[in-house]
Every structure is written in C-alpha cells, then in structure tokens.
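Take a look at the structure set out below.
The values are calculated or read from the model by the stated rules, or taken from the named source; none is laboratory data. Since the structure is predicted, the reported quantities are computational estimates derived from the model, not experimental observations. Glycine gets a Cβ as well: all are built from the backbone with ideal geometry, and neighbour counts include every protein chain shown. SASA here: full protein model, heavy atoms, side chains in, ligands and nucleic acids out. Shrake-Rupley method; radii C 1.70, N 1.55, O 1.52, S 1.80 Å.
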Amino acid sequence: MDATSRRRWAIAGLTGPAYLWLALTVFLPLSAMLYFSFLTAAPIGGRESAFTLEHYIGFFTKSVYWFNARRSLELGVHVTLLCILIGYPAALVLAKQISGRWREALFLLIILPFWSNALVRTFSWTMVLRGDGLIGRIVNPLLPAGWEFDLLFTYPAIVIGLAHAYLPYAILTIYISLQAIDDSFIEAARSLGASRLKAFRRVTLPLSIPGVLAGIFLIFVPVIGSFMEPRILGGKNAIMLGPIIENQFVTAFNWPLGSALSFIMLGIVLLALAIASPVLRRHLSVG
C-alpha cells in the first residue's frame, strides 16, 4: 500500500465515524418525516394510514399557509437585519479598536446568552417587555397621557427576543471576517487620500462580506422556523409557520401535516440558498 492509499484510509478512518453519526442522526429522522408527510395519518398505535398528497396540495391551495409562510419569512428578514445592523458595528469595534483584556471581557458578554437556557431567556423578556415590568415601571410615569409601554404579545417583542438570541452569531462571524483583514490595506487607502468613511466603504466593508453572509444565513434559516419565542412573546401575533408546525406535532397529533409543512419550509430555505448562491460564490471566492 503506497503513501497515498494509506493517507486516504487514514482520512476515511478519522472522518467515517463522524459522517456515519451525522447520517444516523440527521438523514434517518428526515427520511422518517418524509415518509410520514405522504400519509393520511401517523402509523402509530395501530392507526390506519394511506398514501396521499393532500398535505402538500393543501399548502398551495389554502391561503392561511401562504400567509403564515410570508410572515415567517418577514420575521427572518427583520431579525436578520436587526442583528446585522447591531452586530456589525460591535464586531468592527472589537476587531479594530479594542484589544487585550477588554476584548476578552466583551467577548464574554457576547457569548453570555449561550450559557442560559433558551426557555428561561425568553421568559425573562416577558418580565421586561410587559407594561408593569422593569422598563414599564420606569418609562410609563414619564409618558404622556394615553401612552403606555407594553410590548408583550406584539410582533416587536418577537423580533427583540429572537434578535437577543441570535445576535452573537452576527457579531462572531463578522468579527472573524474583520479580524482577517490586514490593517495595511486600510493604511494604504488612507495614505492615498481616502477618508475613514471611504476606506471603510471601499476596503473594509467589501472584504468583510463573507462574514456578513455567513451571519445572515446562520440567523435567517433558524429564525423562520422558530416557534418557542413567537409563542411566548407574541401571543396572537405568533401565528406563523413555525408555531403551526409545532402545534401539529404536539397538540393536534397530525404528524403527516407537520412533516409536510416542515419539508415545505426546508424547500423554501433551499430555494433561498439557490437564489443567493451566485452572490455567495462570488464573495466567498474573493474572501
């Protein structure tokens, strides 16, 4: 056995268990859900089931599903934009302005949400956003008559809760991209007469696009399928595709419909990736 063959066998031996685990934990459940999505009822407990396409046809014929799919996509866009708008300046300051222990302390604050349970973190927002909550007790006495701070069970409350959960992804991916930019490029632009703003617009921003794109997809994809934050913070405004899918599995026990809607959402995500793939390839190849 030559060196090339030994190297290939070594790579296969090291990566094989990981790929096998991924196949069992990802593709096997997805295959089961795909099978369920074509059934009239979940074949559990002796229930009779038959092959059908009604769940997929229902999505394209019932406006309620289109409406909630659109709301889920809008939520993904709004949360992603908010995270990028807040995360980019934070990442820029971390990468180019702060160093040493202050950077370590700020990184600790950024990843702090990952250390808390998502359910506890979401419920904590209910105590902040309600009218008689922490902010309401301070702000409401200062507001004019007829005005009241009470964001709980509103669409902005959902956006705030999800942005808090996914903002670290934006900061970390953009920070990595900014950190990889050689400062000599910026210094060269400044020495050629470019202002700080022009140097940022012509040098820093284009070179950081790969990190921005990575953050966008790390945030957008899970947000459009989120169900816990909308259900807790949104109330009646939480009627979106994610909570509907969760309700089919947990409450209605209509696993075939929930599976079909899940795969339709997966198709929407793959379609978005396919549309954005030329832009991704261009910027990632440059990066």
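At a glance:
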| read-out | value |
| --- | --- |
| Convex hull (Cα only) mean projected area of the range 129-287, reported in nm² to one decimal | 14.1 nm² |
| Cα centroid separation - the range 49-98 against the range 209-273, whole Å | 7 Å |
| Average projection area in nm² (convex hull over Cα atoms of the range 1-144, one quarter of hull surface) | 20.1 nm² |
| Length-normalised contact order for the chain - Cα pairs under 8 Å, 6+ apart - percent | 26 percent |
| Once exposed loop chymotrypsin sites (Phe, Trp or Tyr not before Pro) are cut out (DSSP; at most 15 other Cβ, 10 Å), longest piece of the chain | 1-146 |
| Positive-end extreme of charge dipole, the range 134-287 - chosen from GLY258, SER226, GLY193 (charges on Cβ) | GLY193 |
| 5 Å-binned pair-distance histogram of the range 100-217 (Cα, whole percent) | 2, 10, 13, 13, 13, 13, 11, 10, 8, 5, 2, 0 |
| Among ALA95, VAL26, LEU109 the positive-end extreme of the charge dipole of the chain (Cβ point charges) | ALA95 |
| 222 nm mean residue ellipticity, helices alone, for the chain (DSSP H n ≥ 4; -39,500 (n - 2.57); rounded to 500) | -23000 deg cm²/dmol |
| The chain, Rg to Rh (Cα coordinates; Rh as Kirkwood inverse mean 1/r) | 1.05 |
| Rounded accessible area of LEU73 (nearest 10 Å², 1.4 Å probe) | 60 Å² |
| Paramagnetic reach from THR61 (point 7 Å along Cα→Cβ, amide N under 20 Å) across the range 259-273 | 259-265 |
| Percent of Cα-Cα distances greater than 14 Å, calculated over the range 201-287 | 71 percent |
| Qualifying trypsin sites (Lys or Arg not before Pro) in the range 1-80, DSSP loop, other Cβ atoms within 10 Å at most 13 | ARG47, LYS62 |
| Estimated dipole of the chain in Debye, rounded to 20 [Cβ of Lys and Arg +1, of Asp and Glu -1, Cα centre] | 700 debye |
| Exposed GluC sites (Glu not before Pro) absent - longest run of the chain, DSSP non-H/G/I/E/B, at most 12 other C-beta within 10 Å | 149-287 |
| Residue among GLY45, ALA276, VAL159 farthest towards the positive dipole end of the chain, charges placed on Cβ | ALA276 |
| For the chain: accessible area per residue (Å², 1.4 Å) | 60 Å² |
